[in-house]
Amino acid sequence: MNYAIIAAGEGSRLAQEGVAKPKPLVELNGEPMIGRLINIFRRCNAESISIIVNEQMTEVRQYLESLDLDIPFRLVVKSTPSSMHSFYELSRVMPSGRFCLTTVDTIFREDDLRHYIEAMEAASDCDGMMAVTPYVDDEKPLWVETDEALNIVNFRDQSFDGAKYISGGVYALSDKAVEVLERCMANGVSRMRNFQRALVADGLKLKAYPIAKILDVDHASDIEKAINFINGND
C-alpha cells in the first residue's frame, strides 16, 4: 500500500491557544504526530510515503528531510488553499496503484489502521474504502450514508434519520479516484467533502469501514485527549 499525508495546514488554532510547535511536530507520547504516522505506515506494509507541507513549515521540512527511511519517500513543499488542493499536489508525485490518504492530525490506533488496510487490500470489488466512525467530536462532521451492506451512497453535511457514521478522515482509494480528483480540479470543485461526493456521483463503488473511534487534534485540549486515547485510557 502507498501512503500519503496532508500536513500543509497552518495549525493556527493550536498556535492561538499557546502551542508553540507546528502541528505536525506536536508530540504524542514523545513522538511527533507526523513521525508517529510515518512509523505506523511503515509497520503496515508501506511501499512508499508521500507528504505535503506548506512553504512556511521550515521546521517540519527539516525534520522530514532528516529521516532515513527504507522506502521511497516523496516530499512536496507547497502552500495550498485547501486539503483537496494538497491532495491534488500529492497525486502528481504518488506512485500508481492503491493508496491510503490521511491528514497529519487524524489520530487512530495502529491496530485499527492495520485491520482497515488489510480489508482494503483484500477487497477486489470496490474502488475505495473510507474509514468511518460513530464517534462524533468534530465541529463540522461529514455524515456518511450507507446501505445495509456498508456501500456508501451519499455524504451529507447534516445528520439524518438513521445516521450512524461520520467520515474518519482516512481514505483508501484506487487510481480511479485520482481521475475524479483531476476532473474536480478542472471544474473548480473545492473541499474534500465535495470530492467525496463526486466519487459517488461518478459511480465509484465505495465501502465504509467502521472504526470505533478516530480523533482530530484541532485544539490544545485535544492533545491530552489524543494521548489518553492512544494509551487506551479513553
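A helix-only calculation puts the chain at -9500 deg cm²/dmol for mean residue ellipticity at 222 nm, using -39500 (n - 2.57) for each DSSP H run of at least four residues, averaged over all residues.
The mean sequence distance of close C-alpha pairs (under 8 Å, at least 6 residues apart), as a share of the length of the chain, puts its relative contact order at 24 percent. Relative to the globular-protein estimate of 2.2 N^0.38 Å, the Cα radius of gyration of the range 174-234 stands at 1.58. Between Glu139 and Ala122, the distance separating the two model label sites (each 7 Å from Cα on the Cα→Cβ line) works out to 3.9 nm. Put His219, His115 in order of accessible area, highest first, and with a 1.4 Å probe you get His115, His219. Of all DSSP bridge pairs formed entirely within the chain, close to 50 percent run antiparallel.
For the chain, the solvent-accessible area with a 1.4 angstrom probe is 46 square angstrom per residue.
In this label model, Gln158 and Asn233 are separated by 4.0 nm, measuring between points 7 Å along each Cα→Cβ vector.
Running Debye on the chain with equal point scatterers at the Cα sites and no solvent, what base-10 log of I(q)/I(0) appears at q = 0.08, 0.17 Å⁻¹? Each listed q corresponds, in turn, to -0.27, -1.40. In the context of the full protein assembly, Leu25 retains an accessible surface of approximately 10 Å², using a probe radius of 1.4 Å and ignoring ligands and nucleic acids. The simple Förster model, with R0 at 35 Å and r as the Cβ-Cβ distance, assigns Glu179 and Ile71 a FRET efficiency of 0.85. Among rounded, prolate and oblate, which fits the range 1-134 when a ≥ b ≥ c are the square roots of the eigenvalues of its C-alpha gyration tensor, a/c under 1.5 means rounded, and a/b larger than b/c means prolate? It comes out prolate by the Cα gyration axes.
As a ratio to 2.2 N^0.38 Å, the alpha-carbon radius of gyration computed for the range 1-72 takes the value 1.12.
Each residue was assigned an accessible area with a 1.4 Å probe, and for Tyr3 the value is about 0 Å².
Computed as a quarter of the hull surface, the mean projected area of the alpha carbon convex hull for the range 99-204 stands at 7.1 nm².
The values are calculated or read from the model by the stated rules, or taken from the named source; none is laboratory data. Because the structure is predicted, anything quoted here is derived from the model rather than measured. Quick reminder, even Gly has a Cβ in these numbers, built from the backbone with ideal geometry, and neighbours come from all protein chains shown. To get the accessible areas, we keep the full protein, side chains included, count just its heavy atoms, and leave off ligands, DNA and RNA. Shrake-Rupley method; radii C 1.70, N 1.55, O 1.52, S 1.80 Å.
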